Each structure stands twice: as C-alpha cells, then as structure tokens.
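Taken together, the values in this text are just the output of simple stated rules run on the coordinates, not laboratory data. These numbers were taken from a predicted model, which means no experiment stands behind them. Neighbour counts are summed over all protein chains in view; Cβ atoms, including those assigned to glycine, are modelled from backbone coordinates with ideal geometry.
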Amino acid sequence: MTSKPAQTDSLVDDLIEGLLEIIATVALLAWRLLAAAAGNPIPLLCAAGVWAAFHWHGRIAAVAVCAGLVVALLIWRATMPGSFSRAVALPAVPSTWGGLYRMRWSHVAARHGLVAHSYAGQSGSQVDREVAGLGRIKATPGLLRLKVRLPTGLTTGDVEAACESLAHAFRVRECRVVADRPGFVWLELHRRDLLAAMVQPLRSVTMST
C-alpha cells in the first residue's frame, strides 16, 4: 500500500503543476492582449472609453458611449473606407477568424483523419490518440494560413490527402499545404479569389460600319 506521506507529496506535486499551468496560461493571454493592443490600439481605446463611462457615470452612459462608437465607426466606414479597412477591418481579421478556427480545429481535424494512434499488446488495442495541433494563425481578407503540428505518425501527404474535405468543412474555395520545418506544415485556406475581384472583364465593343 502507498503510504500517506507519499500520497500527500503526489497531491502537492499535482497542485504545483496545475498552478504553474494556470500562471503560464494567464501570462500567455496577457502577452497576446498586449501584442494585439500594440498592433491595433483602437479596440483597447474603445473598451477603455466604455469602462470609464460606466465607472464614472453609470450604465446609461456606457450604453450611450457604445451607441456613439457604433455610429462613429459606421460613418468612418462609409466616408473613408480605405482608412477604415487599414485601421479597423484588416487588423481585426486575425483575431476574429483565428478564434473561430481554433474552436473548430480539434473536431474538424479528428473527423478528417488528422489523428495519430498508438496501439499496444497482441490484441492491438488503442492506448493513445493525438490530434494534429494548431499553432499560429495568419489572416488576410482572402487567405488564412494555419500552422499545423504533425504528431508522430502523420506526414505532409496525410494532410494533402484531406485538403479537399477540409476545404468543404471550413467553407473555403480552396485548401493547400505548404511544407514548413520538419514536423510542421502550413495549411492555406483561400476564402475568395481577390485577383478575380480586382480584374474586371473587358466589355465587348460592337463596331458599326
């Protein structure tokens, strides 16, 4: 039987490990928030304005500030679309789409076979499964690039074989795989063809004689 001191030491070790994981997660979230604020301070300034209105003048003032910000953003977008796109729309693309794809990734990857299995014993019973991990996400209006970590047992060819089904799952026009360093690949999701939207078809001109 395991002695009580040994059980206590094991419990303390688990608590310390869990606490360290929580601290690391909080630190990572804080770092990402600071990085996002440095790259695009507008959302942070808007949130600070709403908080200040609520703190100093109450709920009605906060609602009024929110409504004013929405109206200001709509006017900005209508009158200066280029400036609005550079300052607001484009910087918001990575965080918006990145959050959505992170929530769906594990389920979609498992459904499309991006999983490595481990088996043991003569019966070949499964003892472990690992889904391909999702790392960095780079986003532009027409393209999303997902950095995928391949667990031991998966290859670049496995991801390439799933490209067509992944494109349907993520509702994108096309899905491609670009090799990275060993153990990693980039999954490129083409949401729309920006070149086709920029190049207008030539109008046919009928010459009268």
### Query
Based on the Cβ-Cβ distance of W51 and L74, what FRET efficiency does E = 1/(1 + (r/R0)^6) give at R0 = 22 Å, to the nearest 0.05?
0.50
### Query
Which distance in nm do the two modelled labels at S165 and S118 give, with both placed 7 Å along the Cα-to-Cβ direction?
2.4
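Among residues other than V159 whose Cβ falls under 13 Å from its Cβ, what is the net charge (Lys/Arg +1, Asp/Glu -1)? Write down the numbers at each step before the final one.
Details: positive: K147, R149, R176; negative: D158, E160, E164, D180, E188.
Every neighbour counted, the sum reads -2.
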### Summary
Placing each pseudo-label 7 Å from Cα in the direction of the beta carbon, F184 and K147 end up separated by a distance in nanometres of 0.4
### Message
Can you list residues from other chains, or at least 5 along the same chain, whose modelled amide H is less than 5 Å from the amide H of L143?
### Response
R191
